[in-house]
Amino acid sequence: MTYDDQNIFARILRNELPAIKVYEDEYVLAFMDIMPQADGHTLVIPKTPAVTLLDLPPDAAAYTIQIVQKIAKAIEKALGAEGIVLMQLSGTAAGQTVPHVHFHLIPSSVHELGKHAAQLGDQEKIKTLAEKIKAAL
Ligand code: 5GP
């Protein structure tokens with residue numbers, strides 16, 4: 001699938017747009033979702049330009065999952081989450097809205113999740129949650 005390098009997450013990766021980051025290395029970035037479906041909703045993205053998981057080279061996918069696991073453990077520890085929904089939407093037909101592959105980590109239950117949150121979360125509260133997650137890494 002053709003990759004649009006002006007998509008929001010590509011711009012966050014280039015630091016053209018702000019994000020509340022919890023982890024970054026050479027290959028992956030983790031940051032807080034701006035419209036969280038639950039407290040602690042975090043996104044993990046590979047730096048590799050790929051629209052969906054199906055476009056992502058297997059080695060990049062494998063490394064990204066290692067970081068997903070690392071962030072999930074930090075969320076569990078920092079927020080006392082008893083369960084974390086790991087969600088990955090590939091394709092607009094599946095509901096994907098940002099065309100750069102991303103994994104949602106949502107400390108919640110699948111039974112509590114509905115459609116996307118439609119409004120911005122409280123950014124100060126999100127910053128506080130991000131600090132707790134970072135401290136638990
Ligand atoms: P998707 O539907 O593509 O799986 O999810 C995209 C997610 O990105 C949504 O949960 C949405 O709240 C989040 N999002 C959209 N724009 C931004 C943004 O500019 N910054 C951040 N941090 N999250 C965003």
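The values are calculated or read from the model by the stated rules, or taken from the named source; none is laboratory data. Note that the coordinates shown come from a computational prediction; the quantities given were computed from them, not determined experimentally. Please note: Cβ atoms are built from the backbone with ideal geometry, for glycine as well, and neighbour counts cover all protein chains shown. Surface areas here come from the heavy atoms of the whole protein model, side chains and all, with no ligands, DNA or RNA. Shrake-Rupley method; radii C 1.70, N 1.55, O 1.52, S 1.80 Å.
Return the percentage of antiparallel bridges among DSSP beta bridges fully within the chain, rounded to the nearest 5 %.
In the chain, DSSP labels about 100 percent of beta bridges as antiparallel.
Using DSSP to define loop residues, name the trypsin sites (Lys or Arg not before Pro) in region 1-58 whose beta-carbon has at most 11 other beta-carbon atoms within 10 Å.
For trypsin sites (Lys or Arg not before Pro) across region 1-58 that sit outside H, G, I, E and B with at most 11 neighbouring Cβ atoms in 10 Å, the list reads R14.
Probe radius 1.4 Å, ligands and nucleic acids ignored: give me the carbon and sulfur share of the accessible area of region 27-137 as a rounded percent.
Result for region 27-137: 56 percent of the exposed heavy-atom area is carbon or sulfur.
Looking at region 77-137, which GluC sites (Glu not before Pro) are DSSP coil and have at most 13 other C-beta atoms within 10 Å of their C-beta?
Details: sites: E82, E112, E124, E131; in loops: E82, E112.
In loop regions of region 77-137 (DSSP not H, G, I, E or B), the sparsely surrounded GluC sites (Glu not before Pro) are E82, E112.
Rounded, prolate or oblate for region 33-117? Axes are the square roots of the Cα gyration tensor eigenvalues, ordered a ≥ b ≥ c, and the cut-off for rounded is a/c under 1.5.
Judged from the Cα gyration tensor, region 33-117 comes out oblate (a/c at least 1.5, b/c at or above a/b).
Pick from V51, V110, V98: which is most flexible by mean-square fluctuation in a GNM of the chain where alpha carbon atoms under 10 Å apart are linked?
Looking only at V51, V110, V98, the largest GNM fluctuation is found for V110.
How much accessible area per residue does the chain have, counting only protein heavy atoms and a probe of 1.4 Å, in square angstrom?
Value returned for the chain: 55 Å² of accessible area per residue.
Who wins for biggest fluctuation among H104, H116, H41 in a Gaussian network model of the chain, springs between alpha carbons below 10 Å?
Looking only at H104, H116, H41, the largest GNM fluctuation is found for H116.
Whole-Hz ³J(HN,Hα) for each residue in region 91-100, computed from phi via Karplus 6.51 cos²θ - 1.76 cosθ + 1.60 with θ = phi - 60°, x for glycine and proline: what do you get?
x, 4, 5, 8, x, 5, 10, 10, x, 9
Please report the relative contact order for region 1-134, taking Cα pairs under 8 Å with a sequence separation of at least 6, and give it as a percent rounded to a whole number.
RCO, region 1-134: 31 percent.
Taking the Cβ of A78 as the centre, find all other residues whose Cβ is under 10 Å away and add up their charges (Lys, Arg: +1; Asp, Glu: -1).
In short, +2.
Let me have the 222 nm mean residue ellipticity of the chain computed from DSSP H runs of 4+ only, each contributing -39500 (n - 2.57), with the sum over all residues rounded to the nearest 500.
Helix contribution divided over all residues of the chain: -9500 deg cm²/dmol.
Please list, ordered by chain and number, the residues whose modelled amide H lies under 5 Å from the amide H of L29; skip anything fewer than 5 residues away on the same chain.
HN-HN under 5 Å from L29: I45, K47.
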